[in-house]
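In what follows, a single structure is set out as C-alpha cells and then discussed.
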Amino acid sequence: MGKSTKKRAPASAVAAADAAEVPVAASAGKKSGAKKGTVKRAGVKKAGVKKVGTKKKARPAAPVLPPAPPLAVGASPAVLDRLWAVVSDRRGADPAVSHSARLLNRGTSKVAQKFGEEAVECVIEAMGGDRAGLVAESADVLYHLVVMWVNAGVRTDEVWAELARREGVSGVAEKASRARALPMELGLGTTKIP
C-alpha cells in the first residue's frame, strides 16, 4: 500500500492574508497493491469486469457564487492594490494572529524563500495540466509576491508604472535594451558582456 500525501489547501489571494493552512488529501490516486507501478483511479474499469445497473451521472452545474463585493468586481490591479494595503497594514500586527505579520517578521530571506516555493508549486500545477490547481497556486504566488513587495518597500504603483513603460514595446527589444544598458551601468565602457 502506498502512503497518502498531504498538501495545503490553496486559499484565495485576499483571504490568504490571514488564512489558516488546512491539510487536505492530495488529489492523486493511491497506488494499488495489485501490480507494481499501477495507479487505481475512480471511474476506471478493470478488464473483464462488467458493472451492472450503472448509469452515467449528469455533470453538476457550476456552483452559484455569492455576489462579489463592489470593489472586487472585475479583473484589475485594484485587487492587488487592496491586497498590498492589507499586507502593509498587517506588518505591525501580532504574528500569532496574522499570517502576513508572521511572514514579514521572519525576514527577507524567508519571505523570498516562501515566494520561490509558491512559484515552484505553480509551475508544477502548470506542467501537470491542472487548471484549477494553477489558478489556486497563481493566487498564492501573487499573495507572496505582494508580501515580498511590502517587505522590500516596493509600492504597487511603482510596478504598474514599470509595466506601463514596457507596454507596446517588443519583448525582444526591451530585453535587448536592458542587456546593453547593464555593462554601461557597471562602468565597463562596453555594451558587450564579457
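The values are calculated or read from the model by the stated rules, or taken from the named source; none is laboratory data. All values derive from a computational prediction rather than experimental measurement. Neighbour counts are summed over all protein chains in view; Cβ atoms, including those assigned to glycine, are modelled from backbone coordinates with ideal geometry.
Selection of region 127-161 for residues being surrounded by fewer than 16 Cβ atoms within 10 Å (Cβ to Cβ), part of a helix (DSSP H, G or I) and either modelled with pLDDT of 95 or more or not acidic (Asp, Glu) (or both) yields Met127, Gly128, Arg131, Ala132, Val135, Ala152, Trp160, Ala161. Within the set Ala72, Ala112, the sole residue that is at pLDDT 95 or above and aliphatic (A, V, I, L, M) turns out to be Ala112. Of all the listed residues (Lys114, Lys110), the sole one being in contact (Cβ under 8 Å) with a residue 24 or more places away in the chain and either part of a loop (DSSP other than H, G, I, E, B) or of a type outside the set (Val, Ile, Thr) (or both) is Lys114.
Ile124 satisfies every condition listed in (1) assigned to a helix (DSSP H, G or I); (2) exposed (fewer than 14 other Cβ atoms within 10 Å of the Cβ); (3) more than 11 Å from the chain's Cα centre (by Cα) except (3).
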